[in-house]
Amino acid sequence: MGGTDLSAALAGLLPRLRRFARALTGSAADADDLVQASIERALRSAGQFRPGTSVPSWIFRIMKNLWIDEIRARASREKLFAPEALASSAITDGAGAMETHLHASHVQRIVSTLPEDQRLAIALVLVEGLSYREAADVLDVPIGTLTSRLARGRAAIEAALTSVVETTS
Amino acid sequence: MMLDDETLMAYADGEHEKAAEIKAALASRPTLAARVNEMRALRKRVADAFAPIAHETPPSYLTAILMAPRVVPAVIKRTPVFALAAFATAAAVALIALVATGKIGAASSKSPSSTASNDGMFGPDFLPPFVTLTPRGAILTRPETAPPRARTVKPVYADAVWRLRPDAETIERHYPLGAKAQNISGKVVLDCRVNMDGSIDCVIDSEGPAGWGFGAAAMEVARHFLLAEKAANGMPAADGRITIPIVFAPRNCVASPSAITFEVSASAITSAPALAPAPARVVENPIWVRKPDTHALARLFPAKAQKWGKRGHVVVRCLIALDGSLTNCIVTNETPVGWGFGDAALKMAQQFKMGPQTVNGEPTAGGFIDVPITFAREN
């Protein structure tokens, strides 16, 4: 990447990448795996980085694409390994969910239950502080789409927070 | 002006271009102004929930990916790397100079532990500096830095014979990415001790420029050295000490592809050792009497890679023991790195065993073999 040091830039971004990955995946283990896979991909495709564009946006897009690939692959794997494997993966998922419950705050947990597109919008704008324009670019969607996903995601989080309050009080 | 939820949200997020207008409108609409405050509070709440993650120290394996080796899909070469010719032609992207000085306790060692006398003599500094003799006995004090390496008391020998040396591709693979991107070359001097099996354990004696990961890269490269049992002059190598300068130098472009030049540091040239007089034998077409089965593959498949559906390819280079088992294995190629495929392949190599002769009737023991291992799951 023309004169800039991509490795160093990514190293500086690591804390943010891990945070974004956690918001995206909802699990600590998946998050670091995703970060690992993403920085490997980024280093391999360093030649495709256009100087002058934002490194965070670039790596966030890589992470988004990898994660979407990953959840699709997991879905198809689960379909393929019927029904025995499905049962065992359900057990694993259960343990994973429990781990998440133990470590994540209420809000983290609620974010992890949002639909993928809303979660991405929330993670990019509310967690990572990207502007609407930047977030829309990362997701390759028009800004209006980003705005409505963000609004729906927020509404869902608000509703979930309210219901938690209602059930616990 | 219409003040729907999306408009208020954009305003709350500081994204609405008509912020002044909205602000004025909100002055007379306390319910909507409260709604904006709620939205801001929610934003802060979500941001705060994830903020602690960004304050954690990232796991070292993530940092390591960015500091040291670069993942390069490498071509698997079956040619022996020991011959100088192969060493020169293998220069793929970078030209790397790499010469090991064949002297035990040779010069260029700047560590405080090796300042004094010649090797082979007990010098006045023989006692480690953290031992103080007093009338009441020896007092051991904790050294401020790492304890100095135990001094080798062997006569100097020359002409180290290498059974295995990293080829240009191997060094290229470990070239720190950041440095490579900026055409920065680096030199690392390793201070190494020779183990019984000819492998070496090294510490970084000097590294320049610092901060680019050259030291860590050189330590990785060091895993690819293996010395013969004896030097050319007959001295046993085990327990000896050897200084290895490793130079990472970017290839000076494609201008004249025919002119292959190695950048070699002057001191290295003068003390360049003879390569193994008889290049090590590479065994091909062995007759396997034992191979790891699918259960072993399933057991050793790195869990994380499996979960992520990662495939891996590793080539291990091993010395063939008298009984046909594989010893002294090192990973010469690992793609992708960081997923545990290399370690798994090393474990798997222990389960191979070959017959005393190849298909062509050549003896196997004492030779080297490259074992390619592919980790792939059937979906």
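The values are calculated or read from the model by the stated rules, or taken from the named source; none is laboratory data. For clarity, every value in this text was computed on a predicted model and none was experimentally measured. Cβ placement follows ideal geometry from the backbone for every residue including glycine, while neighbour counts extend to all protein chains displayed.
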Query raised in the report: Looking only at the stretch A:124-151, which residues are facing chain B (nearest Cβ under 10 Å) and in contact with a Pro (Cβ under 9 Å, 6 or more places away or on another chain)?
Result: A:Glu128
Report summary line: Residues of the stretch A:10-33 being under 18 Å from A:Ser57 (Cβ atoms) and either more than 9 Å from chain B (Cβ to nearest Cβ) or not in a helix (DSSP H, G or I) (or both), in sequence order, are A:Gly12, A:Leu13, A:Leu24
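Residue-by-condition table, conditions (1) assigned to a loop (DSSP other than H, G, I, E, B); (2) on the phi > 0 side of the Ramachandran plot; (3) at pLDDT 90 or above:
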site: B:Met9; (1), (2), (3): no, no, yes
site: B:Gly14; (1), (2), (3): yes, yes, yes
site: B:Leu32; (1), (2), (3): no, no, yes
site: B:Val46; (1), (2), (3): no, no, yes
site: B:Ala49; (1), (2), (3): no, no, yes
site: B:Pro58; (1), (2), (3): yes, no, no
site: B:Tyr61; (1), (2), (3): no, no, no
site: B:Val72; (1), (2), (3): yes, no, no
Requested in this report: Kindly provide the set of residues from the stretch B:34-48 that are surrounded by 16 or more Cβ atoms within 10 Å (Cβ to Cβ) and not charged (D, E, K, R), ordered by number.
Outcome: B:Val36, B:Met39, B:Leu42, B:Val46, B:Ala47
Report summary line: Residues of the stretch B:49-62 being surrounded by fewer than 16 Cβ atoms within 10 Å (Cβ to Cβ) and at the interface with another protein chain (Cβ under 8 Å from one of its Cβ atoms), in sequence order, are B:Ala51, B:His55, B:Glu56, B:Pro59, B:Tyr61
Report summary line: Out of (1) assigned to a helix (DSSP H, G or I); (2) within 13 Å of chain A (Cβ to nearest Cβ), the one B:Ala20 does not meet is (2)
